[in-house]
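Data block below; observations after.
Just so you know, all these numbers are worked out from the coordinates, no wet-lab data involved. Just so you know, these numbers come straight off a predicted model, no measurement behind them. Quick reminder, even Gly has a Cβ in these numbers, built from the backbone with ideal geometry, and neighbours come from all protein chains shown.
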Amino acid sequence: MKESRALLALLHLASPSLPIGAYTYSQGLESAIEQGLVRDETSAREWLVEMLGIFTDFELPILRRLLKAFSERDEAAVSFWTECFVASRETSEFRAETVQMGYSLAKLVIDLKLGDDSMRAILENQQAIPLPTAFACAAEALGIPHEESLLGMLFSMAENQVLACVKSVPLGQLSGQRLLLSLHPVIEACSIRASQLTDDELSSWAPGLSLLSMQHEVQYSRIYRS
């Protein structure tokens, strides 16, 4: 019964219907489509695999550390990793994206009174709340195991990118589902890698993605906010 509740909680937290605005962001993908870097199912998969790798080298290991910090009610550790993540956002769009979604998810945690008072207090005490911090708090409050939380965050990111590909490349629905299904082993491998990285191995170095984000800020016609 406990495992079933944790699974239901994970499905809820990773759902695209969670009202945090994830569907309004493409994380640089719209710019890549505009420039012809992503133009069909093959190039879309190459993009997604690369994005999952970038996510695995920094955002996901920080999520793991935040999960541990919330489980131990370690406010200093939560603040440290939160500040590290916010400081790593190279463009105004990427910073606004994570802070906006983090704020929305944090508001859900607080308004729904998820977790205990001490956990919510740690969350509220952060100067800026990026998505990994709010997600870690929500996952810990809902009793989702840490490994499953990493998979949920990865799948949610991949699903959002696939949906953006379906709408904007465009790809058909069948192509999108085939693409998402093919990423399952990649997501599993990324989760394992993220769990093994030490603090000194974390890296958010992705200059090509940063350039695409900066170009998106001045792109003539845009659907997404990043």
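Below are the figures for this structure:
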{"read-out": "Summed residue charge, Cβ within 15 Å of Ser118's Cβ, Lys/Arg positive, Asp/Glu negative", "value": "-4"}
{"read-out": "Inter-probe distance in nm under a simple model that places probes 7 Å from Cα toward Cβ, at Leu181 and Ile223", "value": "2.4 nm"}
{"read-out": "Fewest-first sequence of Arg178, Arg45 by Cβ atoms within 10 Å of each Cβ", "value": "Arg178, Arg45"}
{"read-out": "Size of electric dipole in the chain: Cβ of Lys, Arg +1 and of Asp, Glu -1, about Cα centre, debye, nearest 20", "value": "540 debye"}
{"read-out": "Average silhouette area of the stretch 107-225, convex hull of alpha-carbon atoms, in square nanometres", "value": "10.1 nm²"}
{"read-out": "Between the stretch 40-81 and the stretch 147-226, the Cα center-to-center distance that results, in Å", "value": "11 Å"}
{"read-out": "Distance in nm between pseudo-label sites at Trp205 and His146 (7 Å out along the Cβ direction from Cα)", "value": "2.7 nm"}
{"read-out": "Residue with peak Gaussian network fluctuation, the chain [Cα springs, cutoff 10 Å], from Gly208, Gly143, Gly152", "value": "Gly208"}
{"read-out": "Axial C-alpha extent at least 27 Å, average Kyte-Doolittle at least -0.5 - helices from the chain (DSSP)", "value": "92-111, 146-168"}
{"read-out": "Overall dimensions of the stretch 29-142 as given by Cα atoms, namely Rg and Dmax in Å", "value": "15.9, 49"}
{"read-out": "Under-25-angstrom lysine pairs by C-alpha in the chain, whenever the two are 8 or more apart or on separate chains", "value": "4"}
{"read-out": "Paramagnetic reach from Ala96 in the stretch 6-22 [backbone N under 18 Å; point 7 Å along Cα→Cβ]", "value": "20-22"}
{"read-out": "Rough spin-label spacing in nm, given labels placed 7 Å along Cα→Cβ, for Glu83 and Arg39", "value": "4.6 nm"}
{"read-out": "Shape of the chain, Cα gyration tensor, a/c cut at 1.5", "value": "prolate"}
{"read-out": "Residues whose placed amide H lies under 5 Å from that of Arg225, excluding near-sequence neighbours", "value": "Tyr25, Ser26"}
